[in-house]
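Take a look at the structure below.
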Amino acid sequence: MANPPRGDAEVLLATASGSWALDRDAAALVDACGRQGVRAAPAVWDDPTVDWGVPLVVVRSTWDYTNRLDEFLAWARSVERTTALANPAEVLRWTTDKRYLGELADRGVPTVPGEVLEPGTTVGGGAGDALGRQLAAGHGEVVVKPTVSAGSKDTLRVGEDDLDEGLALATRLLGEGRAVLVQPYLPSVDARGETGLVHFGGTFSHAFTKGAILRRGAGLVDGPFAEERITPCVATADERAVADAALRVVAELAGGDPLLYARVDLVHDDSGGPVVLELELCEPSFFVEVDPDAADRFAAAVRARLGR
Ligand SMILES: Nc1ncnc2c1ncn2[C@@H]1O[C@H](COP(=O)(O)OP(=O)(O)O)[C@@H](O)[C@H]1O
Ligand SMILES: [Mg+2]
């Protein structure tokens, strides 16, 4: 189905310039909304000609925000002054910096361990030691990534042999004023991948497996995101429980209201238990193709948000 003209839309799906065509959920979500009598259309978040004064704005494929986070969050706050925004600007602020993993861990949610290097940290002044500690904490490999990132960009998996590359990446990011997260590489990702659990309107919808992405020596991702291998899966009871625990913390922060959409990405620790790798509450792909009813569940949640 062609996108409906924007002038007619009651729900605007925020995307980035050039991203709509790459957004594999986009057409299915617009079509599902249409079937439920909801007119949805894309709009580019930083296009100054867009009038955001519609009943609901839903953040979708705004994938170019990572290097312009302040600008993006200012846009979200400005939209929210005049209309309903999903997810709320405060949730977007919280979820776009992986330092929230520490908050989840403090509240008892199982998470991937790691440590954050603040801008200004030097190799001699802590960065080298941090990589060494995380190497020792895992199985001889670490992941270095910015705390604000998406699509596996600026993310490296290194071991003792190529630790210098990890340190060089950390040094570059820290020099750019970006905080860096260093984690042990969890080897179960190579065997089991990660599990994404997608929720709409506070209710679990569907799950998928994403294959491992990081290969030693492969260098940095070029383009908007790494290539991802997605397959349907059935989430285990343990995975559902960890996702629920994480989303309870989020609901508290968001004032109790369930989010229109939430994706919890889990990996598995050495004992096989699920741990949170990432909360995707800003612009997650839903991979609705893995479940024939998923797009309709999204549309139903949107319709409910419109009070219909
Ligand atoms: N600690 C880790 N152990 C194993 N794999 C990891 C780890 N951190 C990241 N990865 C891999 O890198 C990918 C991107 O990292 P992620 O934390 O999901 O950030 P983002 O998706 O925001 O770029 C993941 O999908 C996963 O394949
Ligand atoms: Mg991820």
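Between residue 227 and residue 133, what's the calculated FRET efficiency when r is the beta-carbon distance and R0 is 22 Å? Round to 0.05. With R0 = 22 Å, the Cβ-Cβ based efficiency is 0.10. Per the Debye calculation on the chain with a single equal scatterer at every Cα and no solvent contribution, log₁₀ I(q)/I(0) for q = 0.08, 0.10, 0.13 Å⁻¹ amounts to -0.35, -0.55, -0.93.
Counting neighbouring beta carbons within 10 Å and listing from fewest to most, the residues 139, 199 come out as 139, 199. A simple spin-label model places the labels of residue 172 and residue 270 3.2 nm from each other, with each point 7 Å out along Cα-to-Cβ. Find out how many positive minus negative residues lie around residue 67, taking Lys and Arg as positive, Asp and Glu as negative, among other residues whose Cβ is under 13 Å from that of residue 67. Computed value for this residue: -3.
Panel order for 52, 63, by other beta carbons found within 10 Å of each beta carbon, from fewest to most: 52, 63.
Beta bridges per DSSP, both residues in the chain: antiparallel share near 75 percent. At the listed q of 0.10, 0.17, 0.22 Å⁻¹, the Debye profile of the stretch 210-308, built from one uniform point per Cα, gives log10 I(q)/I(0) equal to -0.36, -1.01, -1.41.
With N denoting the number of residues in the stretch 6-95, provide Rg(C-alpha) divided by 2.2 N^0.38 Å, to two decimal places. Against the empirical 2.2 N^0.38 Å value, I get 1.02 for the stretch 6-95.
In the stretch 117-179, the convex hull through the Cα atoms has an average projected area of 3.9 nm², a quarter of its surface area. With contacts taken as Cα pairs under 8 Å at a separation of at least 6 residues, the chain carries a relative contact order of 20 percent. Counted by neighbouring Cβ atoms within 10 Å, the residues 157, 308, 93 run from fewest to most as 308, 93, 157. Length gained on full extension, residue 82 to residue 22: 18.7 nm, using 0.36 nm per residue less the C-alpha separation. Helices in the chain, meaning DSSP H runs of at least 4 residues, each add -39500 (n - 2.57). Divided by all residues, the mean residue ellipticity at 222 nm is -9000 deg cm²/dmol.
Rule-based calculations on the coordinates, nothing more; no lab input. All figures in this text were calculated on a predicted structure; none of them were measured in a lab. So basically every Cβ, Gly included, is an ideal-geometry build from the backbone, and we count neighbours across all protein chains shown.
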